[in-house]
Every structure is written in C-alpha cells, then in structure tokens.
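Trainee: The structure is given below, and queries will be raised subsequently.
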Amino acid sequence: MVRSLLGRQEEAIKVEVGLRGPLVTEAEPAEAHTLLLDPVSGTQLAPVVPLPCLSRQEAMAEKLRAALSRREVAIRDFYDVDHAVRRLRFPVLAAGFVALVKKKLRMPGNGPVDVSAARLAALRPQLEAQLKPVLRAADLAGFDLDRAFGSVARVAEALAAESRGGRR
C-alpha cells in the first residue's frame, strides 16, 4: 500500500511482470515516465528511465496469447485488446500478426485456446469487480465485452484456419 502525496488515503499499486519465454521480435528502446507530477510546478517527480521494451507487435501478441489461453481468464486482457483494435486500429487479423500469436501460444506454460461461452461468462462479473475500480467512467463506458470477446474469438478462428492450411 502507498499513501498518496496529495491525500490521506492509501492505494495499492499493481505491477505485473512476466517472462513467458524468449523475445520473438527485437526489443525496442523506450523511456518510462512517471504519472506523478509536482502539484506546484507540474514537473515529473521522478526522472525518465531509459529501458528496452517489447515491440508493439510482440506486446499485442502477448495480450492475445493471454486472452486466448490464460488459465484464469482476466478481463484486463480483453480490455487491452479492445482498446488496441478500436482506438489504435491494431490489425489483429493480419497474417504476420496471427503467426506471431501462434508462436507465442506454442511456448511452454500456456493453457489451451479457449473462446467458449463459459469463458465469456467468467469475464462478466469482472467488469464491475476489476475494471470499474481502475478505469475512468468514460473509458469503462466505451468498453464492450462482447465486442472485445468477438475480436479475440476471430483471432482464434484465424489461428485454426492457419493450422488447417488457410482453409476456412
């Protein structure tokens, strides 16, 4: 728990780091910036830190891998996929991208691809319990779980079609 510099409440800061396997694409140089600003000057309270990051393609492939095969389904994966498709126009059905997702799914430790009705049903209670507390009202209002699940299901269909040799 961390006490707010501006208020008296304590909040949890969650950081998730995972390493499923070796990178498939080259790491890209980037900078980590803080959201913490000095309330008087408006300047960042922590210095910018240079670090290597996953490429956008690989980061999205990881998100799709998680949405498709995470043993305990997580709404955050579907929110992120939906945001990338809807707001960033990320081409999740591009052939090269589907092949990258397939490579990620072949790495050890993944569950089977699951886009079942039961998986969708398991996500519904997470809207209120896990997304609402961390999203701005406008961002939550713009999220449609059925649309997000449909995007993930279409990637699963593309993976299956590729496995069959491109036949649908």
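The values are calculated or read from the model by the stated rules, or taken from the named source; none is laboratory data. This structure is a prediction, so every number in the text was calculated from the model and none was measured. Here Cβ is always computed from backbone atoms with ideal geometry, including for glycine, and neighbour counts include all displayed protein chains.
Trainee: Please determine, by comparing only the residues of region 133-168 that are assigned to a loop (DSSP other than H, G, I, E, B) and more than 16 Å from the chain's Cα centre (by Cα), which one is nearest to residue 69 (Cα to Cα). Spell out how you get there, then give the answer.
Mentor: We begin by selecting, within region 133-168, every residue assigned to a loop (DSSP other than H, G, I, E, B); these are 133-136, 143-144, 164-168.
Okay, now just the ones that are also more than 16 Å from the chain's Cα centre (by Cα), so 133, 136, 164-168.
Working: 133: 25, 136: 28, 164: 20, 165: 22, 166: 22, 167: 23, 168: 22 Å.
That would be 164.
Trainee: Output the residues belonging to region 19-32 that are surrounded by fewer than 11 Cβ atoms within 10 Å (Cβ to Cβ) and part of a strand (DSSP E or B). Break it down stepwise before answering.
Mentor: Keep residues of region 19-32 that are surrounded by fewer than 11 Cβ atoms within 10 Å (Cβ to Cβ), which gives 19, 22, 26, 29, 31.
29, 31 - these are the residues of region 19-32 that are surrounded by fewer than 11 Cβ atoms within 10 Å (Cβ to Cβ) and part of a strand (DSSP E or B).
Trainee: Still on this structure: With the structure loaded, tell me whether residue 123 is without any contact (Cβ under 8 Å) to a residue 60 or more places away in the chain, touching a helix residue (DSSP H, G or I) at 6+ places or on another chain (Cβ under 9 Å) and in a helix (DSSP H, G or I) or whether it fails that test. Show your work before the answer.
Mentor: Numbers: without any contact (Cβ under 8 Å) to a residue 60 or more places away in the chain: yes; touching a helix residue (DSSP H, G or I) at 6+ places or on another chain (Cβ under 9 Å): yes; in a helix (DSSP H, G or I): yes.
Judged against the criteria, residue 123 is a match.
Trainee: Considering only residues that are within 21 Å of residue 164 (Cβ to Cβ) and of a type in the set (Val, Ile, Thr), look in region 53-105 and name the one that is surrounded by the fewest Cβ atoms within 10 Å (Cβ to Cβ).
Mentor: Our first condition is that a residue be within 21 Å of residue 164 (Cβ to Cβ); within region 53-105, this holds for 61, 64-65, 68-69, 92-105.
Pick out the ones that are also of a type in the set (Val, Ile, Thr) and you get 92, 98, 101.
Numbers: 92: 19, 98: 21, 101: 26.
Selected residue: 92.
Trainee: Regarding residue 9, is this residue at pLDDT below 90, surrounded by fewer than 10 Cβ atoms within 10 Å (Cβ to Cβ) and more than 13 Å from the chain's Cα centre (by Cα)?
Mentor: Details: at pLDDT below 90: yes; surrounded by fewer than 10 Cβ atoms within 10 Å (Cβ to Cβ): yes; more than 13 Å from the chain's Cα centre (by Cα): yes.
Yes.
Trainee: Kindly provide the set of residues from region 81-120 that are in a helix (DSSP H, G or I), of a type in the set (Lys, Arg) and over 15 Å from residue 24 (Cβ atoms), ordered by number.
Mentor: Our first condition is that a residue be in a helix (DSSP H, G or I); within region 81-120, this holds for 81-86, 95-106, 117-120.
Okay, now just the ones that are also of a type in the set (Lys, Arg), so 86, 102-104, 106, 119.
86, 119, listed by residue number.
Trainee: Out of 45, 35, report the one residue that is at pLDDT below 95 and loosely packed, with under 11 Cβ neighbours inside 10 Å. Walk me through how you get there before you give the answer.
Mentor: Numbers: 45 fails: loosely packed, with under 11 Cβ neighbours inside 10 Å.
Answer to the selection: 35.
Trainee: Among residues belonging to region 106-141 that are of a type outside the set (S, T, N, Q) and touching a Ser or Thr at 6+ places or on another chain (Cβ under 6 Å), point out the one that is surrounded by the fewest Cβ atoms within 10 Å (Cβ to Cβ).
Mentor: As a first pass, look at region 106-141 and keep what is of a type outside the set (S, T, N, Q): 106-109, 111-115, 117-125, 127-129, 131-141.
From what's left, touching a Ser or Thr at 6+ places or on another chain (Cβ under 6 Å): 111, 113.
On the way: 111: 12, 113: 18.
Among those residues, the one meeting the criterion is 111.
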